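The values are calculated or read from the model by the stated rules, or taken from the named source; none is laboratory data. Please read these numbers as outputs of a predicted model, since none were measured by experiment. In this analysis, Cβ positions are derived from the backbone assuming ideal geometry, glycine residues included, and neighbour counts consider all displayed protein chains.
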Amino acid sequence: MKRILFFLLTVTLIIIFGSCNRRVRYIYKEDQKADSIYVYPVKSEKYRLKPGDVLHIKIITTEQKINNLFKIDEQTNNLNQNMNGGNFYLSGFTVNDTGYVQIPVLGALKAEDKTVTEFRSDVTAKAHEYLKDAIVNVKLVSFKLSFLGEVTHKGPVYIYQDNIDILEAVSRAGGVTDYADMSNVTVVRNQDGKRLVYKLDLTNRNLLTSDKFYLYPDDIIIVNPLKTKIAKLNLKDYFFFFSALSSMISTTALIISIFSNN
């Protein structure tokens, strides 16, 4: 019995001290010197629009009558509103199933497989057929990421820009917890009707040159826990089991003792 207690105590101390000495490391490099600079080539593919994407489109001119004709302010998002997915979904322009966006006065314009910049150029060219001084603003507002696992804020995070990398995205989720395994991050992506699943090691600098460094809309990021946390949870279960077993044995022994005396 003493050996079992000693073993459990030893395991507990190892887990506690092991977790206390752990340091969170992003793109860690053991031999980097102070004030040194490393340059890494960027492999960022511009996101291309697909059906279901929601866009904020606004056209501004110097003539208020023309602005009223287009009724852009009534048709699109007001960026002074609370910036959340519901407002944008209800008031934004959605890329339909055929890959087109229907814009007042301008008509239907092809958006699928184009970057936001390319689509803005198309809208600008079309607007200039009617207005020479038109200023066109187009933004992707349906860029949503979902976080699970060892992050401070789980759930959806809305990104109001055209692209974002995994490190910035994790910071938007409030960073990781003390039990996050930074070398074991899972990304689930819906692409071409299929679910792609791949792993990322946020402690490896090779990630900076990977084409998976940047995320896509609707990606699901799962920050897996360290084995230390799993061991602690299992240890709690074992302690609960031994405690319950000990109580049951003590109770049984007490009952037997009472009946024996009688």
query: For Thr124, which of the numbered conditions (1) hydroxyl-bearing (Ser, Thr, Tyr); (2) more than 29 Å from Ile220 (Cα to Cα); (3) modelled with pLDDT under 90 fails to hold?
result: (3)
task: Inspect region 55-67 for any residue being modelled with pLDDT under 65 and either on the phi < 0 side of the Ramachandran plot or surrounded by fewer than 17 Cβ atoms within 10 Å (Cβ to Cβ) (or both) and give the result as yes or no.
output: no
- request: With respect to Glu129, determine if the residue is farther than 25 Å from Tyr216 by Cβ and either surrounded by 15 or more Cβ atoms within 10 Å (Cβ to Cβ) or at pLDDT 85 or above (or both).
  value: yes
statement: All conditions in (1) out of contact with any helix residue (DSSP H, G or I) (no Cβ under 6 Å at 6 or more places or on another chain); (2) modelled with pLDDT under 90 are true of Val141 except (1)
- prompt: With Leu202, Leu215 as the choices, which residue is at pLDDT 90 or above and within 30 Å of Glu118 (Cα to Cα)?
  reply: Leu215
- prompt: So which residues in region 188-212 are within 19 Å of Gly149 (Cβ to Cβ) and either in contact with a Phe, Trp or Tyr (Cβ under 7 Å, 6 or more places away or on another chain) or charged (D, E, K, R) (or both)?
  reply: Arg189, Arg195, Lys199, Asp201, Leu202, Thr203, Leu207, Lys212
- request: Identify, by number, the condition in (1) among the aromatic types (Phe, Trp, Tyr); (2) within 18 Å of Lys46 (Cα to Cα); (3) free of Cβ contacts under 8 Å to residues at least 40 places away in the same chain that Tyr100 doesn't meet.
  value: (2)
